[in-house]
Number of protein chains: 2
Amino acid sequence: MNNKIPDLTHIRELGFRVTPQRRFILNALAKQDGHTTATDIYQIAQKEMPTLNQATIYRVLDFFCGLNLVTRSDIGGRVVYEFAPDTPHHHLICRHCEQVTVLDDAHFEDLAAHLLAEHGFKADFNHLAIYGVCAHCWDKSM
Amino acid sequence: MNNKIPDLTHIRELGFRVTPQRRFILNALAKQDGHTTATDIYQIAQKEMPTLNQATIYRVLDFFCGLNLVTRSDIGGRVVYEFAPDTPHHHLICRHCEQVTVLDDAHFEDLAAHLLAEHGFKADFNHLAIYGVCAHCWDKSM
DNA sequence: TATGCTATTGCAAAAATTTGCAACAAATCT
DNA sequence: AGATTTGTTGCAAATTTTTGCAATAGCATA
Ligand SMILES: [Mn+2]
Ligand SMILES: [Mn+2]
Ligand SMILES: [Zn+2]
Ligand SMILES: [Zn+2]
């Protein structure tokens, strides 16, 4: 469970506006503790904020992704959103059993340093979905 | 330009079937030399294979992705497909100027080795989209 | 608190993607 | 070549996601 109440006020300084819709969606994401689809949000909204339009949900989710407040990724064929935690994480996804495990961001520090040094690219590895074969499935296939 | 004619016969040994639709779609992908959307394929098909159904295109693209014959990724908000080359590559995408550059797979060898050793996970980093800020935009923002 | 600017929303229509099912056809075996 | 099996396709309907535009509402300023 994630109780952190997201700080929306700072987006005002960026020239954007704090709206009830944005507050609702970000809070909804923060309350969920895993990956959430746009449809999930819409269904929650049906009860708690029935006037909230679907198009707005997609636009706001996209808006938050642009600010790195939310991550968006394609996991197991579904597009999922997640409130971006202080400590970034990623996922290992097995192509066989579809199992999804968490991978700490620390594993990407070396690569990030290299990309910055060699390519001048300041990468933020935000919520990557890495596909492959897990240990269990690999054993079975041998 | 990619002239390689994909070998579809081996999928027969996997229990799948070689159909004109699959041949057409894989060839169409191989002929394009960049990222291609499902709609691109559909429009090509309108001329060369008008009976090819949209649903089939999505199913076949998904089928090829499952076999790692094709990569699928979300780049700049668009879902793009690409005939999987012998030498895997990835992309660095700037959040500011949206510029997309190519990153060789060699950069992921160390990480892959680590994941295999530490997590028993045999990762195939196929066509990752890495977001961040390019050198040019980073300079401007300082 | 009232005013003005314009970012954002709701709405409806368009576009993209998925799904169930019956008809079809690729592969295998007589 | 004909029969059989069952993986695939086309079709149409259901979902999901995007887009243009007029109306709305943040919020800065006075
Ligand atoms: Mn996650
Ligand atoms: Mn590519
Ligand atoms: Zn597995
Ligand atoms: Zn840039």
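The values are calculated or read from the model by the stated rules, or taken from the named source; none is laboratory data. What you see is a predicted model, and the numbers here were worked out from it, not measured in a lab. Cβ: placed from backbone, ideal geometry, glycine included. Neighbour counts: every protein chain shown.
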Here is a list of conditions, (1) closer than 30 Å to A:PHE63 by Cα; (2) without any contact (Cβ under 8 Å) to a residue 12 or more places away in the chain, and B:LEU61 meets all of them except one; can you say which number that is? (2)
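Identify the residue in region A:90-142 that is small (Gly, Ala, Ser) and not in a loop (DSSP other than H, G, I, E, B) and, among all such residues, is nearest to B:LEU67 (Cα to Cα).
Among those residues, the one meeting the criterion is A:GLY132.
For region A:71-89, enumerate the residues that are more than 11 Å from chain B (Cβ to nearest Cβ), part of a strand (DSSP E or B) and among the acidic types (Asp, Glu).
Our first condition is that a residue be more than 11 Å from chain B (Cβ to nearest Cβ); within region A:71-89, this holds for A:75-76, A:78, A:80-89.
From the residues that got through so far, the ones that are part of a strand (DSSP E or B) too are A:75, A:78, A:80-83, A:89.
Once the filter is applied, which keeps residues that are more than 11 Å from chain B (Cβ to nearest Cβ), part of a strand (DSSP E or B) and among the acidic types (Asp, Glu), region A:71-89 yields only A:GLU82.
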Apart from one, (1) within 16 Å of DNA strand D (Cβ to nearest atom); (2) surrounded by fewer than 17 Cβ atoms within 10 Å (Cβ to Cβ) all hold for B:PRO85; the odd one out is (1)
When B:CYS97 is run through (1) over 23 Å from B:LYS140 (Cα atoms); (2) away from chain A (no Cβ under 11 Å); (3) not β-branched (Val, Ile, Thr), the failure sits at (1)
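The rows are residues; the columns are (1) over 28 Å from B:ASP124 (Cα atoms); (2) within 16 Å of ligand 2 (Cβ to nearest atom); (3) modelled with pLDDT under 95; (4) in contact with a Leu (Cβ under 7 Å, 6 or more places away or on another chain).
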| site | (1), (2), (3), (4) |
| --- | --- |
| A:TYR42 | yes, no, no, no |
| A:MET49 | yes, no, no, no |
| A:GLN54 | yes, no, no, no |
| A:LEU67 | yes, no, yes, no |
| A:GLY76 | no, no, yes, no |
| A:ALA84 | no, no, yes, yes |
| A:CYS97 | no, no, yes, no |
| A:THR101 | no, no, yes, yes |
Could you check A:ALA135 against (1) surrounded by fewer than 15 Cβ atoms within 10 Å (Cβ to Cβ); (2) aliphatic (A, V, I, L, M); (3) more than 8 Å from chain B (Cβ to nearest Cβ) and say which number it fails? (3)
Among the residues of region A:109-128, count how many are within 16 Å of ligand 1 (Cβ to nearest atom) and more than 9 Å from chain B (Cβ to nearest Cβ). 1
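This table checks each residue for (1) within 20 Å of B:ILE130 (Cβ to Cβ); (2) not hydrophobic (A, V, I, L, M, F, W, C).
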site: A:GLN43; (1), (2): no, yes
site: A:THR87; (1), (2): yes, yes
site: A:VAL133; (1), (2): no, no
site: A:CYS137; (1), (2): no, no
Picking from B:ARG12, B:ARG17, which residue would you name as being part of a helix (DSSP H, G or I) and of a type in the set (Lys, Arg)? B:ARG12
Just one of (1) surrounded by fewer than 17 Cβ atoms within 10 Å (Cβ to Cβ); (2) under 30 Å from B:PHE63 (Cβ atoms); (3) in the same structural domain as A:ARG12 (by TED's automatic domain parsing) trips up A:THR71, so point out which. (1)
State all residues of region A:1-24 that are touching a residue at least 24 places away in the same chain (Cβ under 8 Å) and in contact with a Leu (Cβ under 7 Å, 6 or more places away or on another chain); if no residue qualifies, say none. A:PRO6, A:ILE11, A:GLN21, A:ARG22, A:PHE24
Here the qualifying pairs (Cβ atoms under 7 Å; residues six or more apart or on different chains; first in region A:122-142 and under 18 Å from B:GLU118 (Cα atoms) and more than 10 Å from ligand 3 (Cβ to nearest atom); second outside any strand (DSSP E or B) and polar (S, T, N, Q)) come out as A:TYR131/B:ASN126
Any idea which of (1) acidic (Asp, Glu); (2) within 16 Å of DNA strand D (Cβ to nearest atom); (3) closer than 30 Å to B:PHE16 by Cβ is the one B:ASP105 doesn't satisfy? (2)
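Within region A:20-52, track down each residue that is in a loop (DSSP other than H, G, I, E, B) and either within 16 Å of ligand 4 (Cβ to nearest atom) or surrounded by 10 or more Cβ atoms within 10 Å (Cβ to Cβ) (or both). I'd like the intermediate steps shown before the answer.
Step one: list which residues in region A:20-52 are in a loop (DSSP other than H, G, I, E, B), which gives A:32-35, A:37, A:49-52.
The answer is A:GLN32, A:ASP33, A:HIS35, A:THR37, A:MET49, A:LEU52.
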